[in-house]
Amino acid sequence: MTTPLVKTVRCTGSPYEIGLAHGQAVSDQVHTNIATYTAFFDETVQITWAEARRRAVSQFAAGLARSYPAILEEMQGIADGAAGGLTRDDILTLNVRSEIALTNYTDGCTSISQVSQQKVFLAQNWDWLEELHNGMVVLDISPAPTDDGKTPVDRLLFLGEAGIVGKIGMNSAGFGLCMNAIRSGALGRTDRHLPVHVMSRRLLQFAHSFDDALAILGEYGVASCINLMLGDKSGKHADMECSPYGHTCINANEGGNGAGFVAHTNHLYGTVAGGRPAKLVDHPADNSFARLARMQLLTKEDAQNSVPVSFASLRARLSDLEGSPYAICRSRPPGAVGMERMVTLCTILMELTTGKGVVSIGRPCEKDIPIIEWAL
């Protein structure tokens, strides 16, 4: 598949204005993503787009109207901007795709946070449906002040899917996050449970620090399982396995040579001591365990060999091919169909003390792939 150039869309102003700019700039990609997820819902949970939309509205519209009305205004703006007969409820459905289908299936992704020599790195591969190559977008958002007593950051940057309001990125306050899917049936249905992509946006827009992020997670909670790798420019960083039942913290360990790190893939490994809810269960693929062990080993080997932590060394680890095609740098297995067609779509590398980022579009093990540079 030819890898396209991913657009960066600059959005400013009110929630509706941000959404309108988003929808107008990547209208084709929004419609492409709806087509992709229409097929995905049929494949994974055997429902039509109309039924998925009915579930999204019945489970989340009223709660979000009470707990986070601004995000619904933004979704209305996306629908109006993308046009073609889309409604706010179509955009809501895109934004709760994890809650509709990923309580049954999981995507890939390998992520790591690491602090070394007063620099704070977050990095990950995003493994997901190959069709999403044609539906990705970078959103560069400067939100207007709110009237609810909450103070947004000046600017946030994230890579995600056109039509979806949040994903993997960082903000001008020096906070950043990565996301890994978790295969679990846990599903929250109260007002305080934000869909995971809406939670990502809430964190990127309002978390000025790691501690702010923990407070936001505690205030709202999440509607389905998700793993969030969190960090800020002060050097605070940890992994949070989040669920509607509660959250588990996995703190960084010393990786040798003073390089503290924590890595995560797509299974739960937090402990009861870290707060793991007793009734939380996941159903991971075997390759999740292999990828985690491999990333931990590569990180420790770099430290033992005094390899400086940098964008280049992180990309090298995320390019690892051991266990192919189900490697850290994932390729599509020959003859794969359904969920097995997943590939590594992109690699996101962030350094929070300088506000710099590098996003490569495609598998990082390949040469001459498109690069997007971030600066906050």
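The values are calculated or read from the model by the stated rules, or taken from the named source; none is laboratory data. Note that the structure is predicted; figures quoted are calculated from it, not measured. A quick note on method: Cβ atoms are made from the backbone with ideal geometry, for glycine too, and the neighbour counts reach across all protein chains shown.
Being part of a strand (DSSP E or B), over 20 Å from Asn171 (Cα atoms) and among the small types (Gly, Ala, Ser), is that true of even one residue in segment 211-221? Show your work before the answer.
At the first step, the residues of segment 211-221 found to be part of a strand (DSSP E or B) are none.
For segment 211-221, residues part of a strand (DSSP E or B), over 20 Å from Asn171 (Cα atoms) and among the small types (Gly, Ala, Ser): absent.
Gly84 passes all but one of (1) surrounded by fewer than 22 Cβ atoms within 10 Å (Cβ to Cβ); (2) touching a Phe, Trp or Tyr at 6+ places or on another chain (Cβ under 8 Å); which number fails?
Every condition holds for Gly84 apart from (2).
Counting only residues that are modelled with pLDDT under 95 and in contact with a Ser or Thr (Cβ under 8 Å, 6 or more places away or on another chain), how many does segment 145-172 have? Spell out the reasoning first.
First, pick out the residues of segment 145-172 that are modelled with pLDDT under 95: 145-151.
Checking which are in contact with a Ser or Thr (Cβ under 8 Å, 6 or more places away or on another chain) leaves us with 145.
Qualifying residue count, segment 145-172: 1.
Can you name every residue in segment 1-40 that is modelled with pLDDT of 95 or more, of a type in the set (A, V, I, L, M, F, W, C) and assigned to a helix (DSSP H, G or I)?
Ile18, Leu20, Ala21, Ala25, Val30, Ile34, Ala35 - these are the residues of segment 1-40 that are modelled with pLDDT of 95 or more, of a type in the set (A, V, I, L, M, F, W, C) and assigned to a helix (DSSP H, G or I).
Could you tell me whether any residue of segment 282-305 is of a type in the set (Ser, Thr, Tyr), touching a His at 6+ places or on another chain (Cβ under 9 Å) and either surrounded by 15 or more Cβ atoms within 10 Å (Cβ to Cβ) or in contact (Cβ under 8 Å) with a residue 24 or more places away in the chain (or both)? Full working, then the answer.
So in segment 282-305, the residues of a type in the set (Ser, Thr, Tyr) come out as 288, 299.
Then keep just the ones that are touching a His at 6+ places or on another chain (Cβ under 9 Å); that gives 288.
Then drop every residue that is not either surrounded by 15 or more Cβ atoms within 10 Å (Cβ to Cβ) or in contact (Cβ under 8 Å) with a residue 24 or more places away in the chain (or both), which leaves 288.
Yes, some residue in segment 282-305 is of a type in the set (Ser, Thr, Tyr), touching a His at 6+ places or on another chain (Cβ under 9 Å) and either surrounded by 15 or more Cβ atoms within 10 Å (Cβ to Cβ) or in contact (Cβ under 8 Å) with a residue 24 or more places away in the chain (or both).
In this structure, does Glu130 turn out to be among the acidic types (Asp, Glu) and under 30 Å from Leu5 (Cβ atoms)? Let's see the steps before the verdict.
On the way: among the acidic types (Asp, Glu): yes; under 30 Å from Leu5 (Cβ atoms): yes.
It is true that Glu130 is among the acidic types (Asp, Glu) and under 30 Å from Leu5 (Cβ atoms).
Where residues in segment 312-367 are among the hydroxyl-bearing types (Ser, Thr, Tyr) and within 28 Å of His237 (Cα to Cα), which of them is modelled with the lowest pLDDT? Let's see the steps before the verdict.
Let us first name the residues in segment 312-367 that are among the hydroxyl-bearing types (Ser, Thr, Tyr), namely 313, 319, 324, 326, 331, 344, 347, 353-354, 360.
If we keep only those that are within 28 Å of His237 (Cα to Cα) too, we end up with 313, 319, 326, 344, 347, 353-354, 360.
Working: Ser313: 97, Ser319: 98, Tyr326: 94, Thr344: 97, Thr347: 98, Thr353: 98, Thr354: 98, Ser360: 97.
So the residue we want is Tyr326.
Does segment 173-202 hold any residues that are among the aliphatic types (A, V, I, L, M), at pLDDT 95 or above and closer than 24 Å to Asp282 by Cα, and which are they? Walk me through it before giving the result.
Applying the first criterion (among the aliphatic types (A, V, I, L, M)) to segment 173-202 yields 173, 177, 179, 181-182, 186-187, 194, 196, 198-199.
Imposing the further condition that a residue be at pLDDT 95 or above reduces the set to 173, 177, 179, 194, 196, 198-199.
Once the filter is applied, which keeps residues that are among the aliphatic types (A, V, I, L, M), at pLDDT 95 or above and closer than 24 Å to Asp282 by Cα, segment 173-202 yields Leu177, Met179, Leu194, Val196, Val198, Met199.
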